[in-house]
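Derivation of every value follows stated rules applied to the coordinates shown; laboratory data play no part. In this text the structure is predicted, and so the values were computed from the model without any measurement. All Cβ positions, even for glycine, are placed from backbone atoms using ideal geometry, and neighbour counts span all protein chains on display.
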Amino acid sequence: MQLGIRLHDVAGETLEEKLAHARAQGFSCGHVALSKVISQYSVKDSALTPGFAMYLKRLFAKYDLDIAVLGNYLNLAHPDPQKLAAIQKRYLAHIRFASLLGCGVVGTETGAPNPAYQYEPACRSDEALDTFITNLKPVVRYAEQMGVIVAIEPVIRHIVYNPRRARQVLDAIGSPNLQIILDPVNLLDENNAADHRAVIQEAIELLGEDVAVIHLKDFQVQDGKIVSVGAGMGEMDYTGVMQFIKKEKPYIHATLENTRPDNAVAARLFVQKQWEQA
């Protein structure tokens, strides 16, 4: 397991400052959302040139950090055709940029059938799932051409809300360049948190062979609602996830979420201890 962190959770004003802090805190890779970590340069589609990619590649190498995931969390179920076309174009730009960066994964969540990207009952409909699959297909085909993996992240309040639904997407598209970011906490809400061990086990059984990246955080139940917190600061049992990683996914990129600069090291040490004990 190679432990990393979302770079927009790291201290620093510039990307280089964030990389320096991430390395000093003991991380070996980073999850990169361009618009959240680069403010001094344009990151629009036309700015993602080979030269920019080579610059970033050298910068990450300077701090001995991998780019684990290039995140592009835009709504592939957007109902406006013009906006959807722009969103798909943005995905293609990220895939092309990732191929130049030497980053193997472009990561995304799975949208909602409304412009606000908010949960509504229609998220769980077959129509929403069909729309997401239809709109994802050309993105995955481009990823095949560019030698990059698109990894979808199931989230309980999005269209792909559980492991069975994610399995449907993988099987419908049928490409080795479509894989999974497994974030156990994103599969939980107030209705299934008490059974989170079983939820995680189901995800591993249905999706394990296709997991490309792990996201690690924790959860608390506050006033009957799930609240995400840093690893080791909540109620999650990490045993199943860590046994899966240790047995099936050597050197996988596993990035921490929901940390702060003042607790990131504690979260990293907690996860490392869980892995050692698995």
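When the Cα positions of VAL227, SER39, ASN186 are compared along the charge dipole of segment 2-277, SER39 comes out farthest toward the positive end, with charges on each C-beta of Lys, Arg, Asp and Glu.
For ALA61, project a label point 7 Å along Cα to C-beta. Then give me every residue of segment 97-121 with its amide nitrogen under 16 Å of that point. Zone members listed by number: 99-104. Around the amide H of PHE219, modelled in the peptide plane, lie the amide H atoms of VAL229, GLY234, GLU235, MET236, all under 5 Å away and 5 or more residues distant in sequence or on another chain.
Using C-alpha pairs below 8 Å separated by at least 6 residues, the relative contact order for the chain is 18 percent. The separation of segment 141-188 from segment 28-62, counted between C-alpha centres, amounts to 24 Å.
Filter LYS36/LYS217; LYS217/LYS249; LYS44/LYS217; LYS249/LYS273; LYS36/LYS273 down to the pairs with a C-alpha to C-alpha distance above 26 Å, please. Beyond 26 Å between Cα atoms: LYS44/LYS217; LYS36/LYS273. What you get for the chain, charging only the Cβ of Lys and Arg (+1) and of Asp and Glu (-1), is a dipole of about 860 debye around the Cα centre. Taking every DSSP beta bridge with both residues inside the chain, roughly what % is antiparallel (nearest 5)? Once the DSSP bridges in the chain are tallied, antiparallel ones form about 15 percent.
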